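Notes for the one structure printed next.
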Amino acid sequence: MSASPILLAIQARLRIAGYSDLSTPFKLAGVDFAFTAAMRGRDGRALDLVLLVDTTTGDFGDRDGARVRQRIEALSRALDVTGSRYVVTVILAGAVLSDGVEALSETCRVLQVEAVSLDAEGKPVDEAAERQLDDRIRVLLPLKLPVASAEPETGVGPALDQLVRALPADTSKALVDAALAAAEGGEQAVTDAVALIITQSLQPEGEEEPS
């Protein structure tokens, strides 16, 4: 069974973003779970579990919305039983499924990637197609902010300039700098960086942190 070109393109993009392939079927709580593809994040996204459903080929019943929902709900229960902290994202690659899919959003994050123009090698044909693919899975990709311009007083410019200018004047520069520097590492990296700055600010002068 071969995956559709759009699913392969999604996998390739996620690998560039730092995700690794998981062998399927995989076993959890003594139960085998079969998906067309599964991937896991790393570093700040190490708890991201991405399941790819190929609604074009229909492997593993992927064109049947009710069957897809049953598998995801069963996996969710297994994760609860094992006390797992994985954050599950399901990517529906291809045609839109209607039957039973709406209920998936109550169990996990659901992303839909329909038609994206691909070349003969299965890659986006141009920058517009690349942006289209990225936009559909943006929540899984590292945050990249434009480099600040050299003229912040102009009132216009890259998103980073506008973000900094929109913050209250008394916002800690160290806090902002730490958060922006950690942004590409994902949500957890930003949380850790901000927590460190806050801890340091609350620490009495001259007192060392416990090792």
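Restricting attention to region 1-55, which residues are among the hydroxyl-bearing types (Ser, Thr, Tyr) and over 15 Å from Gly186 (Cα atoms)? The answer is Ser2, Ser4, Ser20, Ser23, Thr24, Thr36, Thr55.
If you go through region 65-103 and keep only what is in contact with a helix residue (DSSP H, G or I) (Cβ under 9 Å, 6 or more places away or on another chain) and among the hydroxyl-bearing types (Ser, Thr, Tyr), you end up with Ser84, Tyr86, Thr89, Ser98. Scanning region 83-104 for residues that are of a type in the set (S, T, N, Q) and under 20 Å from Arg45 (Cβ atoms), we see that the one that is surrounded by the most Cβ atoms within 10 Å (Cβ to Cβ) is Thr89.
Of all the listed residues (Arg77, Arg85, Arg63), the sole one being among the basic types (Lys, Arg) and part of a helix (DSSP H, G or I) is Arg77. Scanning region 167-179 for residues that are out of contact with any helix residue (DSSP H, G or I) (no Cβ under 7 Å at 6 or more places or on another chain) and either acidic (Asp, Glu) or assigned to a helix (DSSP H, G or I) (or both) returns Asp170, Lys173, Asp177. Would you confirm whether or not region 76-94 contains a residue that is at pLDDT below 90 and more than 21 Å from Leu140 (Cβ to Cβ)? Checked region 76-94: no residue is at pLDDT below 90 and more than 21 Å from Leu140 (Cβ to Cβ).
Of all residues in region 23-39, those satisfying the criterion of being touching a residue at least 24 places away in the same chain (Cβ under 8 Å) and either of a type outside the set (Gly, Ala, Ser) or within 26 Å of Gly94 (Cα to Cα) (or both) are Leu28, Val31, Phe33, Ala34, Phe35, Thr36, Ala37, Met39. If a residue has to be more than 23 Å from Leu47 (Cα to Cα) and out of contact with any helix residue (DSSP H, G or I) (no Cβ under 7 Å at 6 or more places or on another chain) to count, how many in region 105-145 make the cut? The total comes to 13.
Consider region 175-211 and keep the residues that are loosely packed, with under 11 Cβ neighbours inside 10 Å and not acidic (Asp, Glu). The one that is modelled with the lowest pLDDT is Ser211.
From the list Leu49, Leu104, exactly one residue is closer than 15 Å to Leu14 by Cβ, touching a strand residue (DSSP E or B) at 6+ places or on another chain (Cβ under 6 Å) and either without any contact (Cβ under 8 Å) to a residue 40 or more places away in the chain or part of a strand (DSSP E or B) (or both). Which is it? Result: Leu49 is the single residue among Leu49, Leu104 that is closer than 15 Å to Leu14 by Cβ, touching a strand residue (DSSP E or B) at 6+ places or on another chain (Cβ under 6 Å) and either without any contact (Cβ under 8 Å) to a residue 40 or more places away in the chain or part of a strand (DSSP E or B) (or both). Here is the figure for region 18-48: residues that are closer than 19 Å to Val81 by Cα and aromatic (Phe, Trp, Tyr) total 2.
The values are calculated or read from the model by the stated rules, or taken from the named source; none is laboratory data. Note that this is a predicted model, so its numbers are computed, not measured. Cβ sites come from the backbone with ideal geometry, for glycine too, and all protein chains shown count toward neighbours.
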